[in-house]
1. Please go through the stretch 158-211 and give me each residue that is among the hydroxyl-bearing types (Ser, Thr, Tyr) and out of contact with any Leu (no Cβ under 6 Å at 6 or more places or on another chain), ordered by number.
2. Select the strands (runs of 3 or more DSSP E) contained entirely in the stretch 204-311, then report the ones holding at least 3 residues which are at pLDDT 95 or above and of a type in the set (S, T, N, Q).
3. Among 175, 136, which is the only one that is surrounded by 24 or more Cβ atoms within 10 Å (Cβ to Cβ), under 24 Å from the mean Cα position of the chain (by Cα) and at pLDDT 95 or above?
4. Give the number of residues within the stretch 93-131 that are in a helix (DSSP H, G or I) and within 21 Å of residue 202 (Cα to Cα).
5. In the stretch 348-369, what residues are crowded, with 21+ Cβ neighbours inside 10 Å and hydrophobic (A, V, I, L, M, F, W, C)?
6. List the residue pairs whose Cβ atoms are under 6 Å apart, where the first residue sits in the stretch 132-145 and is in contact (Cβ under 8 Å) with a residue 12 or more places away in the chain and in a strand (DSSP E or B), the second is among the acidic types (Asp, Glu) and buried (at least 24 other Cβ atoms within 10 Å of the Cβ), and the two are 6 or more positions apart or on different chains.
7. Of all the residues that make up the stretch 250-305, how many are among the basic types (Lys, Arg) and either under 25 Å from residue 341 (Cβ atoms) or under 22 Å from the mean Cα position of the chain (by Cα) (or both)?
8. Quick check on this structure: which one of 259, 224, 265, 165 is among the hydrophobic types (A, V, I, L, M, F, W, C), under 30 Å from residue 85 (Cα atoms) and loosely packed, with under 15 Cβ neighbours inside 10 Å?
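The values are calculated or read from the model by the stated rules, or taken from the named source; none is laboratory data. As the structure is a computational prediction, the values presented were derived from the model and not from experiment. Because the Cβ atoms are built from the backbone with ideal geometry, glycine has one as well, and the counts that use them run over all protein chains shown.
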Amino acid sequence: MSEHRRRRRDEEEARRREIERRRRIIRERKRRQRIMRQRMILAGIGAVVLIVGGVAIGTSVHKKNEAKQAKKIEEQKKQEAAKKEENVLRMVAVGDNLIHDAVINSGKEQDWNFDFLYENIKEDIKKADLASVNQETPFIKNHDQAAGYPDFATPTEVGDALVNAGFDIVTQATEHAFDRESDGITESVEFWDKSYPKITNLGIHEKDNESRYQIIEKKNFKVAVMNYSSMISENHSIPSTESYMVDTYSEKKVKEDLAKAKEEADVSIVYLHSGKSDAEDLDEKLQEKINFLAEQGADVVICSHPHILKKYGKLTRPDGKEMLVYYSLGNFVSHQSSLENLLGGMAEFTLKKDAKSGEVTIEEYSLVPLVMHYNEDFTNAGVYKLSDYTEELAKEHKIHTEDEEAEFTLSALKEAADKVATPVTGSSQKTLGEEVDEKSTQDSDTSKDENKDSSSSSKKTKTEE
């Protein structure tokens, strides 16, 4: 082979190798680019995943933080609401728990259980922060001694039923407090002290020198409560050596008690057993007592004894502040037999305490009409709210047997309730919404036929001023 051909072959081989080398370089470059693109894609996907994951995690964390914040805010709101609620006190009060023979016998038939009397309204009683009832009659443990009018002796199981219904305050300074003399007082006090020491029992005492008022601490309130009666049944008189047993009304006692109580309490409530029975007209002597209570700075006055439902509302005290007065809540439980005596009332009022100043004001107040129902044989007996009472119940009421001409209908009950349903206002010098009647100058604490049941004769009461 000539030199020329060999050179051309070598050159050709060199060119081929160069082309092959360049192809390898290009293929390698493309491979690296492909790998780079794949890496970039993977990196992009990873970044997206990271971003999405980060966003998801961030969103989750944010939602968790939001949920925590919302829970915290909700908890704060609950705490604030609870704190505010501690400065709100809802109270209810009812009238005379007057236990006649028919009521006693009805409980006896149910194995000495009297829960049926309060079954229809216990929900309203229990939802109140404090609920009071005027226990008109003294308690007795011996069932053989249980009796109604005129010298009452009430089985202690009635007290059990009052507690089961939700009452916290029981007032017993009444006209009939001494019907069983000192034994009745002792048994009543011992019943509450031993069976229900947490119940506030007012108006009667087993021992001398006990305070006539008590301080109830409920929520953020200190409530001073006291109970006086301006009369004792004329069948009985309290010996001077036992005068401490019943808290009878006198200006000296009231002034002294309220002055001391107001130093310890935020608000003072006086339960006053006084007034003329069955009288719709102005009771001047009762108004005088209420005026005096206003002068001494009482915040709420709840009256019992008249056995009929009367007006209520706010009075302006001499110091410019307001005093809430219920002139009579009527009967709560009884076997009396007139529409007026069977229509009672439940006072509802709300006290509010200013968190900064500590001042207590009466924010809301109302009167819920009640009806004492009993049929012919007392197999259906108990207190109803008038709003729950029916025409059918009114028709079956025993009152129609005792008085065929009695206008005891649902509409008649509503008409009677409407007369006192709207609160009125005035000064402490006049009865709410009424002018002084010259006929009211007679002794307002002398009553007739006031506690007799449907079959009893009348008696009078005497005052102990």
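1. The initial filter retains those residues of the stretch 158-211 that are among the hydroxyl-bearing types (Ser, Thr, Tyr), namely 171, 174, 182, 186, 188, 195-196, 200, 211.
Within the stretch 158-211, 174, 182, 186, 188, 195, 196, 200, 211 qualify.
2. Values: elements: 213-218, 221-229, 231-233, 267-273, 300-304.
Result: empty, no element qualifies.
3. On the way: 175 fails: under 24 Å from the mean Cα position of the chain (by Cα).
One residue alone meets the criteria, 136.
4. Let us first name the residues in the stretch 93-131 that are in a helix (DSSP H, G or I), namely 101-109, 115-117, 122-126.
Filter once more, keeping what is within 21 Å of residue 202 (Cα to Cα): 125-126.
Summing the residues that are in a helix (DSSP H, G or I) and within 21 Å of residue 202 (Cα to Cα) in the stretch 93-131 gives 2.
5. 349, 351, 360, 367
6. Once the first residue is in contact (Cβ under 8 Å) with a residue 12 or more places away in the chain and in a strand (DSSP E or B) and sits in the stretch 132-145, its partners that are among the acidic types (Asp, Glu) and buried (at least 24 other Cβ atoms within 10 Å of the Cβ) give 134/96.
7. Filtering the stretch 250-305 for residues among the basic types (Lys, Arg) gives 252-253, 255, 260, 262, 276, 285, 289.
In the following step, the residues that additionally are either under 25 Å from residue 341 (Cβ atoms) or under 22 Å from the mean Cα position of the chain (by Cα) (or both) were identified as 276, 285, 289.
Going through the stretch 250-305 one residue at a time, the tally reaches 3.
8. Working: 224 fails: loosely packed, with under 15 Cβ neighbours inside 10 Å; 265 fails: loosely packed, with under 15 Cβ neighbours inside 10 Å; 165 fails: loosely packed, with under 15 Cβ neighbours inside 10 Å.
The unique qualifying residue is 259.
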